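The values are calculated or read from the model by the stated rules, or taken from the named source; none is laboratory data. Just so it is clear, the structure is predicted and the values come from calculations on it, not from any experiment. A quick note on method: Cβ atoms are made from the backbone with ideal geometry, for glycine too, and the neighbour counts reach across all protein chains shown.
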Amino acid sequence: MRVKLYEKISKLSSPKYYFLLILAITTILLPLALNPFQVHVLVLVYIYAILAESWNIIGGYSGQGSFLNAAFFGIAAYASSLLFILYGISPWIGMFVGAFLSVLLAIGAGYLCFRFGLKGHFFFLASIGITVAIQRAFINWYWPVNGDLIGGAYGVWVPVIKGDSLYHFQFRGKAPYYYIALAILLAELYITYKIQNSKLGYYFTAIRDDEDAAESLGIDTLKYKIVAFAISAALTAPAGTFYAQYFLFIDPFTVLTDMLSIEMVIVAVIGGMGTIFGPVIGAMILRPIMEYVRAFLGARSGLDLIITGLIIIFIATLRPRGFIKWFEDGYNYIAGHLPTIHVGGEKERAHSGS
Amino acid sequence: MPILEVRGVSKRFGGLVAVNNVDLDIKEGEILGLIGPNGSGKTTLFNCITGFYRPESGSIRFHGEDLLRLKPHEICMKGVARTFQLVKPFSRITALDNVTIGALCRTNSLEEAKLEAMKILNFLGLSKKMNLPARDLTIADQKSLELARALATKPRLLLLDEVAAGLNPKETDEVIALLRKIQESGVTLFVVEHVMKAIMTLADRIIVLHHGSKIAEGAPSEIATNKEVIEAYLGREYRA
């Protein structure tokens, strides 16, 4: 028993663990140290990390370049907002309804596309087509509220609640949003980790690398591609509801645009597709650059987009597998140079010596 | 009862008849060879049996069960595995993970699948390279990997499409010994091969395809002296 305990302690005091501990504490304390704009940028980083992480399931692990993920995002944003406005239902429940509707869309669209063998560019085109069709539908879709019409091209304003309310998913400060976004991101990272180390993850990878070989090994490629799509949809949806509650305004031009899908792809590709932390790293690098350039130079100049373009070219030439490789190398270097804390004192050293 | 029963199978591509009314039986436990000049329809026939192509006519029965309506993955689950003439490794993941994916069709446990995969890699002499990405393996090793993956699905019938092509004589001998071992473990083999040494020593019976039709069937010694076969391979003027 004693030996086991010491083993555990010495494991916890290894560089890897206290490095992670420092990272965790910093992440939790950050909102206290930063100004609201900086916290806002971090919230955006987390939203985009969530989006890229969910795209990663269908696009990175399974190799199906989906542009439909913007629709999953938009549907969840609309579902939770409308349920709240029309029926007073908490956005938290709306979030699950949105996820459910997104999953239905993923299964339907996935079946139609994959059943008829759409691959590569053709799947990509079909998914853009469906996204645009859904956007058009929402541009022309109005809902009556107290004799008024909301929705359509005007968009939907989420009614503001006085004060902080967890039930209504509304807060005055930015810190609660920061923690909620962080929690969603961590949950999705955990799910991705679980998938990667399961039969499902292995099958997704097989489908990405060679579909015929996958079929010949007993993998129902149609079924597993639809499953990947459905998981991707379910993971995208929380970000949609979060976005609606954070900005309190949505319209088809911001939450149902294919530009959003493009950004998910860019973040995932720059960070490293088909890896757990790649999308997070992509978001950490891209979002701050874009937000600060936009803040300093104005949204109209388009310079933020030019810079993003340059970064993509840079990555494509230097790191076709994404930034994650640099981070892994850097992490290994730092972890290798950190001294080990000897929690167990002499007994621990005696044990490790034996 | 034969393990596989093919009756009157035809497959057309536009005006080209790739497989023309082919009948064949595979007996449980034997090694059946399939030879024929390039473009004679060997791989097409394989693709028909394993569900990658749907033949226009005919029937294919495995243990008396119709395979014609089934998809490739369902046929694999029934116990018919195959390798591809042009190797199709999952190139970005390790050799071990490649074989693990094959083993996962019989279990949901990743641990079990990995153990099974290691056993098979050991059997094929690939265990030293199991942590290399599949794309870094030599072509000979990639062919073994292809075989390992197929074996991991625990097949009753294994269709091998040119596993010895492009190997040097030493490697060819190793493959022959290996296939014998696989046969002894109770797997029936149906082998397409251009390397005559391999097919003549291995096969219990050989079937010859020419322009999609079966032109001969028999023991290797009979096939080697069959006039039609020699004609098909060498042309009429070389007939002895």
Looking only at residues in the range A:205-222 that are buried (at least 24 other Cβ atoms within 10 Å of the Cβ), free of Cβ contacts under 8 Å to residues at least 12 places away in the same chain and part of a helix (DSSP H, G or I), which one is nearest to the chain's Cα centre (by Cα)? A:Ala214
Output for the range A:179-199, where each listed residue is within 14 Å of chain B (Cβ to nearest Cβ) and in a helix (DSSP H, G or I): A:Tyr193, A:Lys194, A:Ile195, A:Gln196, A:Lys199
Failed condition for B:Thr153, given (1) polar (S, T, N, Q); (2) modelled with pLDDT under 95; (3) surrounded by 15 or more Cβ atoms within 10 Å (Cβ to Cβ): (2)
What are the residues in the range B:107-150 that are surrounded by fewer than 20 Cβ atoms within 10 Å (Cβ to Cβ), within 11 Å of chain A (Cβ to nearest Cβ) and touching a residue at least 12 places away in the same chain (Cβ under 8 Å), if any? B:Lys114, B:Pro133, B:Arg135
Odd one out for A:Tyr178, checked against (1) closer than 28 Å to B:Thr153 by Cβ; (2) among the aromatic types (Phe, Trp, Tyr); (3) in contact (Cβ under 8 Å) with a residue 24 or more places away in the chain: (1)
Looking at the range A:288-296, is at least one residue part of a helix (DSSP H, G or I), touching a helix residue (DSSP H, G or I) at 6+ places or on another chain (Cβ under 7 Å) and either acidic (Asp, Glu) or within 14 Å of chain B (Cβ to nearest Cβ) (or both)? yes
Of all residues being of a type in the set (Lys, Arg) and away from chain A (no Cβ under 13 Å) in the range B:49-106, which is surrounded by the most Cβ atoms within 10 Å (Cβ to Cβ)? Just the residue, please. B:Arg61
In the range B:165-173, is there at least one residue being in contact with a strand residue (DSSP E or B) (Cβ under 9 Å, 6 or more places away or on another chain), hydrophobic (A, V, I, L, M, F, W, C) and modelled with pLDDT under 90? no
A:Tyr202 fails exactly one of (1) of a type outside the set (A, V, I, L, M); (2) away from every other protein chain (no Cβ under 12 Å); (3) without any contact (Cβ under 8 Å) to a residue 12 or more places away in the chain, namely (2)
Would you kindly identify the strands (runs of 3 or more DSSP E) lying entirely within the range B:5-84 that contain at least 1 residues that are under 30 Å from B:Gly235 (Cβ atoms) and out of contact with any strand residue (DSSP E or B) (no Cβ under 7 Å at 6 or more places or on another chain)? B:16-26
